[in-house]
Every structure is written in C-alpha cells, then in structure tokens.
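What follows is a short report on a single structure.
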Amino acid sequence: MSSFGRVFRVTTFGESHCKSVGCIIDGCPAMMNLTEADIQPQLTRRRPGQSRITTPRNEADIVTIRSGTERGMTLGTPIALTVDNKNVRPGDYKEMSLVPRPGHADFTYQVKYGTRAASGGGRSSARETIGRVAAGAVADKWLDLKFGTKVVSFVTSIGSEKIDPVGMQHPSGRPWTREEVDTEGTLRILRNPKTGWKILTEKDVENAEERAKQQLELDNNDESIFVKGTEEKENEIPAYMDQSENIYNRYGVKLEGDQKPAGEVLTAMLSEELVPVRCPHAPSACRMTTLIRSVKSTSDSIGGTVSCVCTNVPVGLGEPCFDKLEALLAHGILSLPATKGFEIGSGFEGTKLRGSEHNDPFEAAEGDVKLKPKTNNAGGTLGGISSGQNIVFRVAVKPVSTIGQEQNTVNFLGEKTVLAAKGRHDPCVLPRTPPLIESMTSLVLIDAALIQLARTGNGATVADQNKIGVNSDPTSEANKRQRVN
C-alpha cells in the first residue's frame with residue numbers, strides 16, 4: 001500500500017516520470033511553525049545530480065506546501081506536499097518496455113497488476129521516496145521540538161570498503177550531526193595536470209557553451225586515466241582534499257611533507273567537483289569514492305551499508321507484541337527501495353556473545369527516570385519499547401539493478417535477448433541514502449510517540465508516565481492504586 005503510520009499517517013504518490021511526486025500527511029499536530037524551508041534541506045540532500053558518483057539526472061526537487069498550513073503554522077488538517085518532475089526522459093526506457101530489467105520490479109509489477117509504468121520504474125523508482133523524505137522532515141521538526149530527538153544516518157561501507165572504527169562517532173565520543181556527516185563526508189576531487197587537465201577560463205575558450213564542452217572532455221580524460229590506475233607512482237598522486245584541506249591519495253592515505261602539494265601546484269589540481277559521500281571519516285570516504293568511480297567506469301553498480309543513530313528518544317515508545325519499536329523500524333526501513341537487511345544494536349555479531357557479555361546492566365540516572373542501561377548492546381530498545389538509550393541500527397543496501405552493462409536475459413515473451421539499460425542511473429545510491437533512512441525512522445518515531453502521548457494524555461509527557469513505578473517505591477499504596485486503575 002502507499003500509506004504508512006496510524007496516527008501520523010503519510011500517503012505518497014507519483015511515479016518517476018509523471019508530472020509531480022509528493023505526499024499527504026494526516027495527523028500532524030496543529031500549531032507547529034512549518035514552511036518549505038523546514039523541508040527543503042532534506043530533499044536537497046537526497047536529490048539526484050549531486051556529483052560524478054551519482055545519477056546525472058538533474059532535478060532541483062523544490063517542495064511546495066499545498067495545504068494544511070496558514071501563516072506558516074500547521075492547522076492540524078491534511079498537509080499536501082508536492083515536488084515537480086522536470087528533467088524527465090521517458091524515451092530512455094523504450095527498449096525496457098519489452099524486457100524486464102534483471103533485479104528490478106518490472107517483472108513482478110507486470111504480473112501483479114497486468115500493467116506498469118514502463119518509464120523509470122514507476123512506483124518502484126527511488127523518485128517515490130521524495131514524499132517520504134518530505135514527510136520525514138515534518139516529523140523531524142516535531143520530534144526535535146517535543147523531545148530534542150535527533151536522527152542521523154551515514155555511510156559505513158561501499159562494497160568491501162568499510163569505515164574505520166574511529167569514524168563511527170565524533171572524536172569527542174558523541175554521535176555525528178547531519179551537518180558533520182555532510183561536511184566531513186564531502187571530498188573535492190583533485191585532477192592531475194600531467195594528463196593535460198586544467199580549468200578552462202574565458203581566455204582559453206571565449207564561448208561559454210563550447211568551454212563547458214571542452215572542460216567535460218578534459219575531466220573525462222583525466223577520470224579515465226585515474227580509474228585505470230596506470231599512472232606512475234600512483235600512491236604519491238594527490239586525489240582528494242577534505243574540508244580541512246588535508247590531502248589524500250586514491251587509497252585514503254594522508255599525504256604529508258614533500259608529497260603534499262601546496263601553493264600554485266595545489267591550485268592547478270583543484271577541480272570544481274565536490275563529492276558528498278556522507279561517510280564522516282575522510283580517509284574511508286576516499287577509498288569508497290575511488291571504488292565507486294571504478295565501478296562506474298565499467299557501467300556497473302555497487303551497494304553498501306549505512307548506520308543510523310537516534311538520540312534523545314524518550315522511554316516508552318513501541319507497542320508489544322506485534323508493533324515493537326524495532327519491528328516498526330524494520331518495516332519502515334525495508335519498505336525503502338534497494339534495502340536488503342536490517343540489524344539493531346549488536347545485530348548478528350551479538351549472536352557470538354554470552355548472555356553475561358551481552359546484557360546491559362542498569363545504573364542510576366538523573367532526571368525523571370532514575371535508572372538507565374549502562375551499555376547499549378540492545379540498541380536502544382528492551383522488549384520492543386524504547387529504553388532511553390540511543391537507538392542504533394544498520395541497513396544493507398543492494399547494488400542498483402539498472403546498469404549499462406549488457407546482460408543476457410529474456411523478454412516478457414520468454415525469448416532470449418540482451419539488455420543494456422539506457423537512462424540515467426546511480427552507480428551507487430549510498431551517498432543519497434542517509435536522508436531516506438532518517439525520514440523513515442522519524443516517521444516511525446513520531447507515530448509511536450503520538451500513540452504513547454494518546455495513552456498518557458496530551459498534557460503529559462512520556463517521562464511523566466514513567467514516574468509511576470520507576471521513580472518511587474512500586475510497593476507503595478499510591479502506586480498500587482495507580483496500577484489497579
């Protein structure tokens with residue numbers, strides 16, 4: 001179905017190449033300040049055309065609030081959010097109208113419905129997630145205002161290249177922020193002037209259109225040489241610069257001393273290409289980017305993993321037995337395109353531990369709730385209910401199905417054929433995945449929070465309810481009466 005949630009209910013609409021995509025939000029609390037400026041940043045983070053390592057489809061993905069607000073404030077009525085599809089090219093999919101793409105939903109949609117949107121994948125396209133991300137941004141704001149909840153996702157692996165353990169959290173020991181994921185996880189590509197590359201100026205080519213064309217040729221020539229890895233002493237060649245102006249080679253090794261370019265030498269290498277990998281550990285991001293660039297050069301694709309950390313989640317969210325919080329999170333996350341795995345807390349690695357190692361003992365805590373788990377192998381839930389600890393989970397994302405390589409397959413009539421997909425597709429969707437993960441997580445959390453607040457009463461917080469039986473003696477007469485009532 002195209003709707004998600006029970007109290008904060010979101011219905012998405014639109015296909016990859018229709019006029020617009022978006023969502024309807026029903027159940028958003030009234031009297032919350034809300035404008036497009038609250039929603040646009042997340043859509044900009046997920047939009048296509050961000051860099052060389054993502055799809056070249058160029059969409060601004062500008063959101064418009066059509067209903068549900070007045071003078072910048074929510075009314076409590078349905079909120080309609082739309083984003084126009086502008087850079088559509090359905091003709092790219094003409095050949096694929098007769099041949100189901102291996103690994104894609106063309107086959108199952110056709111069999112299930114007897115028809116399908118043949119251009120771009122229809123509802124199975126990642127364009128559908130625009131509505132989720134827009135709705136998730138609204139949920140983000142409410143959760144932050146109500147509880148101070150923050151949801152942050154980041155890339156932890158691309159193929160076999162994994163983030164170094166030191167990069168899993170901020171150097172101070174706290175979780176990363178979204179701003180830090182974007183800043184620390186963005187690299188500038190350095191080019192090699194020895195290949196003939198340079199930044200063309202008006203002095204070189206007066207006509208702007210011709211200058212852009214020739215610049216692209218220079219970029220692509222240098223890119224071809226880079227991915228082949230045939231340059232002499234390639235380990236010494238600068239390839240990336242992070243936001244702190246540290247210089248790395250293609251393998252993420254930091255170049256120091258005489259190997260580090262500076263002054264005019266560095267200026268001659270600086271391209272205008274920024275690559276938001278969204279892995280907040282620059283050396284790891286370098287290795288990941290090199291791998292994606294190599295995969296793209298072969299018209300192939302590659303997958304990876306992302307992690308998500310939710311902080312300041314109140315105790316008590318989740319509904320036993322079938323709507324446990326981790327079950328709802330898995331439902332929401334695995335409904336996203338290309339997701340293939342979900343693990344929370346210690347996950348599969350936790351199966352190697354003894355119970356004495358895996359248990360999270362309690363310790364005293366300040367505030368309304370007087371105790372908390374000392375460790376967090378459980379990942380932020382106990383019995384399917386949020387424990388007040390950070391909710392930590394990981395998601396596996398498969399390689400993109402639509403690739404430019406020729407694949408031996410059959411058409412819808414069962415006749416053998418060869419398919420080399422056309423169109424504009426990501427060699428790796430991982431750099432654009434974090435806002436999708438964050439949005440579905442926020443949609444799960446806001447729905448669970450509103451359900452819990454309905455139980456405690458709108459005037460009470462989750463912490464207010466937790467005072468009963470936790471902060472006082474559970475054997476007291478007052479608490480006995482409360483439990484009976």
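You can think of it this way: the chain between Glu273 and Thr108 has 55.5 nm of extra reach, that is 0.36 nm per residue less the Cα-Cα gap. Loop-located trypsin sites (Lys or Arg not before Pro) in segment 171-222 (DSSP state other than H, G, I, E, B) with a sparse environment of at most 16 neighbouring Cβ atoms within 10 Å: Lys198, Lys203. Taking the accessible area of segment 196-314, probe 1.4 Å, and keeping the other protein chains in place, the carbon and sulfur fraction comes to 48%. Using a simple spin-label model with pseudo-atoms 7 Å out from Cα toward Cβ, Thr351 and Asn312 lie 3.7 nm apart. Screening the chain for DSSP H helices whose Cα atoms reach 15 Å or more along their own axis and whose mean Kyte hydropathy is at least 0.0 gives 129-147, 282-297, 434-456. The residues of the chain present an accessible area of 49 Å² per residue when probed at 1.4 Å with all protein chains retained. Note on Glu415 and Ser299: with the Förster distance fixed at 22 Å, the Cβ-Cβ geometry gives a FRET efficiency of about 0.40. Highest average first, the peptides 139-146, 36-43, 346-353 ordered by how many other beta carbon atoms sit within 10 Å of their residues are 139-146, 36-43, 346-353. Net charge of the neighbourhood of Thr311, taken over other residues with C-beta under 15 Å away and scored Lys/Arg +1, Asp/Glu -1, is 0. Using 0.36 nm per residue and subtracting the Cα-Cα separation, the extra length available between Phe13 and Lys422 on full extension is 144.7 nm. The residue among Leu270, Phe13, Thr129 whose Cα reaches farthest toward the positive pole of the charge dipole of the chain, with charges on the beta-carbon of Lys, Arg, Asp and Glu, is Phe13. Cross-link reach is defined here as a Cα-Cα straight distance under 21 Å, omitting same-chain residues fewer than 8 places apart; for Lys374 the lysines meeting it are Lys150, Lys352, Lys467. Ordering Val155, Pro280, Ala449 by Cα displacement along the dipole of the chain toward the positive end leaves Ala449 in first place; charges were set at the Cβ atoms of Lys, Arg (+1) and Asp, Glu (-1). Extension gain for the segment Ala364 to Thr115, taken as residue separation times 0.36 nm less the Cα-Cα distance, is 83.7 nm to one decimal.
The values are calculated or read from the model by the stated rules, or taken from the named source; none is laboratory data. Being a predicted model, the structure only gives us computed values, none of them experimental. Don't worry about glycine lacking a Cβ; one is built from the backbone with ideal geometry, like all the others, and counts go over all protein chains shown. Quick note on the areas: whole protein, heavy atoms, side chains included, nothing else; ligands and nucleic acids left out. Shrake-Rupley method; radii C 1.70, N 1.55, O 1.52, S 1.80 Å.
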